[in-house]
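Peer 1: My questions all concern the structure below.
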Ligand code: UDP
Ligand code: MG
């Protein structure tokens, strides 16, 4: 009987033709170190146009442990990760980036940690943000601080998507069928015992990051909308505060008119107040709109991704 434990390594790839060979070689070497472990590679091609798909096919032809899943277009990293998790059949499932920013050598120590049986997941977080632009770093910190306050879900600062999970945790993640996926939140939401290991930030080995500042900004807004309803409450709270202020102002003006006989002067300040309140109203409508848009996309029930081609059938 085969008693080897199986590890599936899920790798979302978008235009990673340059980085992928390096990554594959590194993980292959790690896999050789432990003969008692069976590795499988789930390479998800997220609509790349730089020959990544062709390279995946070549790898799959050479190495039977390689499974490639090609999506019909670029659906984004979240969708690519979900597709990979669905194809993974291992007892343990790892999620890793293709650019070597997630050190492959950590995989084995993660596995050893899981073997003790105390944890269901070992996840990596960056100990520092060296090499990251200052503005990006500042906003990222701010995002995690706000998230920590307004969401019940544990979202750790500096957490990567890089982690090794048990089959039980992977299955729980797959049970969440939402369309708007914010995986960092989903990992925390499903619970289970997670052990964090910290490592030094690394530069990507080749190619360039797919995340512009605005993409990250949008991503963080999605995170907030998906894992907190506090902004909605803030909107109604602001509404209440403005009602109170206007009520008190009316009383103040009426009393001043009756006692001192002052006519109300100053249309300039009036216009400023009107603009201010108009701005707040539009801002609140924006918040409602964001939640409504998410609900709209959810109710359409569209698939999160579409598979164009693969050398295997999905395990679910
Ligand atoms: N990625 C993806 N689809 C996308 C964007 C990124 O599959 O639309 C993959 C990318 O190929 C990489 C991982 O997600 O393996 C992380 O991307 P990147 O290195 O650009 O992000 P960063 O490390 O800069 O946060
Ligand atoms: Mg990267």
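None of the figures in this text is laboratory data; all of them are computed from the coordinates on show. Here the structure is a predicted model, which is why all the values come from computation and not from measurement. Positions of Cβ are generated from backbone atoms using ideal geometry, with glycine treated the same way; all protein chains shown enter the neighbour counts.
Peer 1: Calculate for the chain the 222 nm mean residue ellipticity that helices alone would give, adding -39,500 (n - 2.57) per DSSP H run of length 4 or more and normalising by residue count, nearest 500 deg cm²/dmol. Working shown, then result.
Peer 2: On the way: 10 runs with 159 residues, N = 316.
Helices in the chain give a 222 nm mean residue ellipticity of -16500 deg cm²/dmol.
Peer 1: Cut-off is 10 Å between beta-carbons; in what order do 150, 224 appear when sorted fewest neighbours first?
Peer 2: Numbers: 150 15, 224 20.
Ranked by crowding around the Cβ, least crowded first: 150, 224.
Peer 1: By DSSP, what percent of the beta bridges with both residues in the chain are antiparallel, rounded to the nearest 5?
Peer 2: 30
Peer 1: Want the number for residue 209 to residue 116: 0.36 nm per residue separation, take away the alpha-carbon distance, what's left? Walk me through the numbers on the way to the answer.
Peer 2: On the way: separation 93, 0.36 × 93 = 33.48 nm, distance 3.55 nm.
So the extension gain works out to 29.9 nm.
Peer 1: Assuming 0.36 nm per residue, please report the length gained on full extension of the stretch residue 240 to residue 195 beyond their Cα-Cα distance.
Peer 2: Additional length available on full extension: 11.9 nm.
Peer 1: Rounding to the nearest 10 and keeping the result within 0 to 90°, find how far the Cα-based axis of helix 267-300 lies from the longest principal axis of the chain.
Peer 2: Compared with the principal axis, the helix lies near 30 degrees.
Peer 1: A follow-up question, please. Would you work out the Kirkwood radius for region 126-274? I mean one over the mean of 1/r across all pairs of different Cα atoms, in Å.
Peer 2: After inverting the pairwise mean of 1/r, the radius is 19.8 Å.
Peer 1: Cα gyration tensor of the chain, axes a ≥ b ≥ c as square roots of the eigenvalues: rounded (a/c below 1.5), prolate (a/b > b/c) or oblate?
Peer 2: prolate
Peer 1: Hey, with R₀ at 45 Å, roughly what FRET efficiency would residue 167 and residue 61 work out to, going by the Cβ-Cβ distance, to 0.05?
Peer 2: My answer for the efficiency is 0.95.
Peer 1: Quick one: helix 52-62 against the long Cα principal axis of the chain, what's the angle to the nearest 10°, folded into 0 to 90?
Peer 2: 30
Peer 1: What number results when the radius of gyration of region 186-273, computed over Cα atoms, is divided by 2.2 N^0.38 Å? Each step should come with its number before you reach the end.
Peer 2: Working: Rg = 25.7 Å, N = 88, 2.2 N^0.38 = 12.1 Å.
Taking the Cα Rg and dividing by 2.2 N^0.38 Å, one obtains 2.13.
Peer 1: Taking the Cα atoms only, what angle lies between the long axis of helix 213-227 and the longest principal axis of the chain, rounded to 10 degrees?
Peer 2: Between helix and principal axis, roughly 80 degrees.
Peer 1: Here is a follow-up. Report the FRET efficiency, 1/(1 + (r/R0)^6), for residue 259 and residue 233, where r is their Cβ-Cβ distance and R0 is 45 Å, rounded to 0.05.
Peer 2: 0.70
Peer 1: Moving on to the next point. By how many nm would the segment from residue 73 to residue 38 lengthen if fully extended, with 0.36 nm per residue of separation less the alpha-carbon distance? Walk me through the numbers before you get to the answer.
Peer 2: Working: separation 35, 0.36 × 35 = 12.60 nm, distance 3.07 nm.
This chain segment gains 9.5 nm when fully extended.
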